[in-house]
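First the structure, in the form of structure tokens, and then the observations on it.
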């Protein structure tokens, strides 16, 4: 038996909304330690990795008697989650050898209980081994700032060059009709931590990435006030959104290189 | 001209 009671359905709604356009079908791997999801986009350029820990406060109850994999169409899951109020408590339930995933939405005032079942899918997905590595540069910034940068630069071109150096981080785009550059300086003196821009630098990195994917990742902006970008030369960028009281959502994007 | 790398190129499949 698997049963996970999440205090805020809005968290799961935001997660699925941020994933469903790039990653249509995904396996939720459930174990006693929590729920993980790894999925690649159809072009095999980007990867997402979600971790929701069972011992975090976001789960009121969590039970998973044996490891199970729940193959779900995320577009369908998004439709089901739209039936839940943002303040509803949501319970996910499945049997040990499941072919159905049940969603139960309890309204805050206890006056309405909704139950939806969806059929599970057999998803033959490949898992990639992502090593724990130290990155040359880790930039932490307000998530809305990163969203704005990606959105603004995507008006002019397809690729952004991210240049991390000791003074800060530069984002540059060069298209057929024009070019743009946004320079973010390190700023750790502002009062609120979530408004700070910090750069941990071991080695300078300059690398280009497809804006289409970075813009898609920023659909997760509402999950977190901050986002971190981890870079090492000639490896994928990691864009991480912490999820308070649950864990994190990470996106990995392979770089673009000069031909 | 830039070309897009695949994520397979960086991480091992298992």
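Observations
- Residue match in segment A:244-257 (condition: at pLDDT below 95 and within 14 Å of chain B (Cβ to nearest Cβ)): yes
- Scope segment A:165-184; condition closer than 13 Å to residue A:229 by Cβ and touching a helix residue (DSSP H, G or I) at 6+ places or on another chain (Cβ under 6 Å); matching residues: A:171
- Residue match in segment A:40-47 (condition: touching a residue at least 60 places away in the same chain (Cβ under 8 Å), crowded, with 20+ Cβ neighbours inside 10 Å and away from every other protein chain (no Cβ under 14 Å)): no
- Segment A:118-157: number of residues that are part of a loop (DSSP other than H, G, I, E, B) and either more than 14 Å from chain B (Cβ to nearest Cβ) or surrounded by fewer than 18 Cβ atoms within 10 Å (Cβ to Cβ) (or both): 17
- Taken together, the criteria exclude residue A:47 from residues that are closer than 23 Å to residue A:119 by Cα and in contact with a helix residue (DSSP H, G or I) (Cβ under 6 Å, 6 or more places away or on another chain).
- Comparison of A:238, A:227, A:169 shows that the only residue that is within 14 Å of another protein chain (Cβ to nearest Cβ), surrounded by 15 or more Cβ atoms within 10 Å (Cβ to Cβ) and either more than 21 Å from residue A:128 (Cβ to Cβ) or under 21 Å from the mean Cα position of the chain (by Cα) (or both) is A:238.
Each row is one residue, and each column tells you yes or no for (1) surrounded by fewer than 21 Cβ atoms within 10 Å (Cβ to Cβ); (2) in contact with a strand residue (DSSP E or B) (Cβ under 8 Å, 6 or more places away or on another chain).
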| position | (1), (2) |
| --- | --- |
| A:20 | yes, no |
| A:33 | yes, yes |
| A:52 | no, yes |
| A:77 | no, yes |
| A:85 | yes, yes |
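- Extreme residue, surrounded by the most Cβ atoms within 10 Å (Cβ to Cβ), among residues of segment A:185-224 that are closer than 21 Å to residue A:173 by Cα and in contact with a helix residue (DSSP H, G or I) (Cβ under 7 Å, 6 or more places away or on another chain): A:214
The values are calculated or read from the model by the stated rules, or taken from the named source; none is laboratory data. These numbers come from a predicted model, not from an experiment. Don't worry about glycine lacking a Cβ; one is built from the backbone with ideal geometry, like all the others, and counts go over all protein chains shown.
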